[in-house]
Amino acid sequence: MNIRTDILLRVYLSFGAMVLFAVAVLYKMFSLQVVQGAHWQAMADSLSTRYQTIEATRGNIFSVDGSLLATSVPEYDVRMDMMAPGILEDDVFYSKVDSLAARLASFFQDKSVEQYRRLLRKARKDKNRYFLVKRNVSFQEMKAVRSFPIFKLGKYKGGLIAEQKNKRILPFKTLAARTIGYKNDNVQPVGLEGAYAEYMDGVSGSRLVQRIAGGSWMPINEDTEVAPTDGADIISTIDINMQDIAQKALEKQLIASDADNGCVILMEVATGEVRAVANFTRVEEGVYKEKFNYAIAQSSEPGSTFKLASYMAAIEDGKIDTSDIVDTEDGTFRVYRHTIRDSHKGDGKISVKRAFEVSSNTAVTKLIYKYYKDNPSAFTDRLYAMHLNEPLGLQIPGEGQPLIKTPKSRSWSGLTLPQMAYGYELKITPLQMLTLYNAVANNGKMIAPLFVKEIRRLGNTVEKFEARVINEKIASDQTIAKMRGMLEGVVEEGTAKQLKNSLFKMAGKTGTAQMADGAAGYKTKRRYQGSFAGYFPADNPKYSMIVVVQNPRKGGYYATTIAAPVFKEIAEKVYAGDSRMYHDFKKLQMASVPAAPPIKYGFQKDSQYVFGALGLKSTQHLKQDTAKVLLSDDHLPEDKIPDLKGMGLKDAMYLLGNIGVKTFVKGKGRVVKQSVNPGELVNKGGFITIELE
């Protein structure tokens with residue numbers, strides 16, 4: 001083979017190899033584009049597009065009087081598409097960008113005009129289609145932003161991208177904050193927010209987003225592909241006015257006594273509906289915050305408030321009667337090398353009723369030890385029959401576990417029975433103790449406390465809750481009547497005489513207990529807990545209440561000085577605000593009929609009720625036509641914002657709710673300022689901020 005032939009052969013082989021390679025490439029291209037095209041296109045789309053979850057608006061929590069306790073308000077992340085159709089031409093963008101920078105700087109006041117100008121110009125140069133302008137912009141701020149230069153060209157032309165998210169707020173700030181609670185990921189649920197998250201969360205939606213330069217994801221369409229379904233609303237049993245009264249009274253006492261913590265629970269006797277729950281923890285001298293729900297979660301030795309159960313057990317078992325005589329001697333009783341002492345010098349021989357009124361420790365331990373020492377199970381069985389050993393099964397999480405020992409308990413000793421008689425060697429939460437007192441006020445019927453009345457979705461009832469009966473009768477009518485007489489005696493003639501009131505009677509029991517310090521017991525520095533549990537009015541109980549204050553440092557530690565005053569202040573203010581408890585209210589008539597008193601906007605039925613109680617004809621006085629007088633519900637302006645100044649919160653919320661405006665509240669008292677001027681047209685679903693003083 002000559003050289004020429006050899007060269008040609010090599011050329012032909014190389015050319016053939018190249019042709020075969022080209023055919024293989026063409027075949028592969030054809031296979032990818034045509035045969036497998038749909039598969040690879042879908043994979044490409046999955047890498048550059050995805051569905052993003054859109055959070056549903058969480059349901060609201062309302063008080064029993066309709067006030068908004070917790071709600072979600074919209075917040076926005078403001079972004080900008082620098083290549084939007086309306087500003088695609090450079091001369092259009094650059095002619096208005098300086099004006100936009102100036103408005104952003106003056107409105108948000110977080111950057112200078114020059115800083116905004118530089119950032120906007122750089123984003124334009126980079127052709128950024130998802131430039132972050134500002135985070136956490138409120139609904140009202142967002143309305144203003146839409147009117148800024150460039151943005152006012154419209155949501156497509158001006159490049160404005162508003163990404164909505166929901167922010168949870170408490171309009172009344174700290175009022176009932178611990179009861180309202182919260183729900184956070186990876187955190188144990190707290191309060192109503194946590195307990196009813198299944199109802200309140202709603203169903204999330206989704207929107208299609210596309211990956212852009214820089215790894216950000218930008219919505220492809222203006223509207224969501226799958227709209228979220230908002231959560232259901234919770235109607236709680238909390239009364240916002242009573243809650244405010246309870247918190248203020250408790251906080252004032254805690255500051256005065258420099259205590260570690262304290263709690264108050266106010267409950268309606270017949271229904272078990274909890275009207276107020278206040279919990280405060282000392283964070284520094286004179287400063288208290290809601291950090292822990294002592295009312296439902298803290299199981300501790302209650303002290304003398306437990307004597308109600310001890311005496312009730314002995315009377316129900318026929319061991320004693322209120323007129324029986326017990327010898328308190330010098331105020332001491334020695335049992336198993338342990339001396340039980342009264343807080344005062346002994347009263348000698350006194351009746352059982354008087355022993356209860358003066359809270360004698362020696363009397364109750366003597367009686368319980370005498371009649372149950374040979375069969376202590378009879379005593380503990382009676383306590384178990386009252387269900388004091390069982391949790392209440394509350395509607396909110398975190399209830400403390402009660403501890404009522406029996407002779408079978410490993411820690412039972414010869415001293416346990418007398419110790420239990422006056423509230424030691426057992427544990428119970430304040431709410432569990434209140435439930436017992438509420439049962440006595442309710443003629444022996446024990447019902448579980450209720451925190452939620454109803455669940456609603458779009459105004460329709462999803463579920464309704466009624467009082468759950470724990471025990472139809474914890475004792476006989478005769479025993480209950482005797483216990484109620486003894487509880488009234490505590491206030492009339494006993495340790496809580498300072499609660500006596502000329503308008504209505506209160507009943508209850510003081511309790512002072514030394515607090516154990518963990519494993520160290522009672523041997524370390526002494527700390528005390530003062531409590532008062534009871535109900536009012538005593539002759540026809542409407543509300544029951546318990547007050548607990550722990551480790552006061554100033555002004556003494558006895559319950560009569562640190563807990564009873566809080567009970568009295570709350571009871572008197574609640575009584576003053578609830579005319580249904582006035583027995584002789586209908587008998588009061590005005591001697592003459594003066595000019596009609598002024599009426600603010602509010603519920604017409606309430607105004608008619610007041611006029612009727614005062615002996616005035618409501619039809620005569622409710623027909624005045626002035627800016628400040630509500631004639632009837634159908635006279636409310638429906639298209640304009642009313643003048644709210646001078647109104648109470650309930651009336652202002654009623655008015656704004658009727659015209660479809662959502663409310664953000666600051667402060668307490670009466671309205672002094674509103675963010676939208678009176679007379680402006682109503683923006684249905686919009687927000688208005690009202691400030692109270």
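Laboratory data are not the source of any read-out in this text; all were calculated from the coordinates shown. A quick note: this is a predicted structure, and the numbers were derived from the prediction, not measured. Don't worry about glycine lacking a Cβ; one is built from the backbone with ideal geometry, like all the others, and counts go over all protein chains shown.
Between the helical axis of 649-658 and the longest alpha-carbon principal axis of the chain there is an angle of about 40 degrees. Ignoring aspartates and glutamates fewer than eight residues from Lys673 along the same chain, the ones with Cα atoms less than 16 angstrom from its Cα are Asp643, Asp651, Glu691, Glu693. Sorted on the mean count of surrounding Cβ atoms within 10 Å across their residues, most packed first, peptides 384-395, 138-149 read 384-395, 138-149. Packing here is the average count of other Cβ atoms within 10 Å per residue, and on that basis the peptides 25-31, 549-555, highest first, run 549-555, 25-31.
Label positions at Gln164 and Gln478, each projected 7 Å from the Cα along the C-beta direction, are separated by 6.8 nm.
Sorted by mean Cβ packing within 10 Å, highest first, what order do the peptides 422-431, 670-679 take?
On the way: 422-431: 24.2, 670-679: 14.8.
Result, highest mean Cβ count within 10 Å first: 422-431, 670-679.
One compactness figure for segment 423-558 is 1.28, namely its Cα radius of gyration divided by 2.2 N^0.38 Å.
Can you pick out the pairs among Lys366/Lys525; Lys497/Lys668; Lys445/Lys668; Lys307/Lys573; Lys183/Lys666; Lys497/Lys650 whose Cα atoms lie more than 31 Å from each other? List each step's numbers first, then the result.
Numbers: Lys366/Lys525 28 Å; Lys497/Lys668 33 Å; Lys445/Lys668 38 Å; Lys307/Lys573 28 Å; Lys183/Lys666 23 Å; Lys497/Lys650 36 Å.
With Cα atoms farther than 31 Å apart: Lys497/Lys668; Lys445/Lys668; Lys497/Lys650.
Note on the chain: dipole from Cβ charges, positive end direction compared against Val145, Gly669, Leu692; the farthest Cα belongs to Val145. For the chain, adding -39500 (n - 2.57) for each run of n ≥ 4 DSSP H residues and dividing by the number of residues yields -10000 deg cm²/dmol at 222 nm. Computed extension gain for Thr689 through Val283, at 0.36 nm per residue and net of the alpha carbon distance, reaches 143.1 nm.
Counting Cα-Cα pairs of segment 241-581 in 10 Å increments starting at 0 gives whole-percent bin shares of 6, 27, 37, 23, 6, 1, 0. Here the convex hull built on the C-alpha positions of segment 52-234 has a volume of 140 cubic angstrom per residue. Of all DSSP beta bridges in the chain, what percent run antiparallel (nearest 5)? Bridges in the chain that DSSP calls antiparallel: roughly 90 percent. D by Stokes-Einstein for the chain, Kirkwood Rh over Cα pairs, 4 °C, 1.567 mPa s: 42 µm²/s. Three principal axis extents describe the C-alpha atoms of segment 92-199; from largest down they are 55, 25, 23 Å. Here the chain is assigned +1 on the Cβ of each Lys and Arg and -1 on the Cβ of each Asp and Glu. Its dipole about the Cα centre then comes out at about 1440 debye.
In the chain, the longest principal axis of the Cα atoms and the axis of helix 113-125 are about 50 degrees apart. Taking the longest Cα principal axis of the chain as reference, the axis of helix 3-30 is set at about 40 degrees. Annotation: extensible slack from Lys408 through Arg580 equals 57.1 nm (criterion: 0.36 nm per residue apart, minus Cα-Cα distance).
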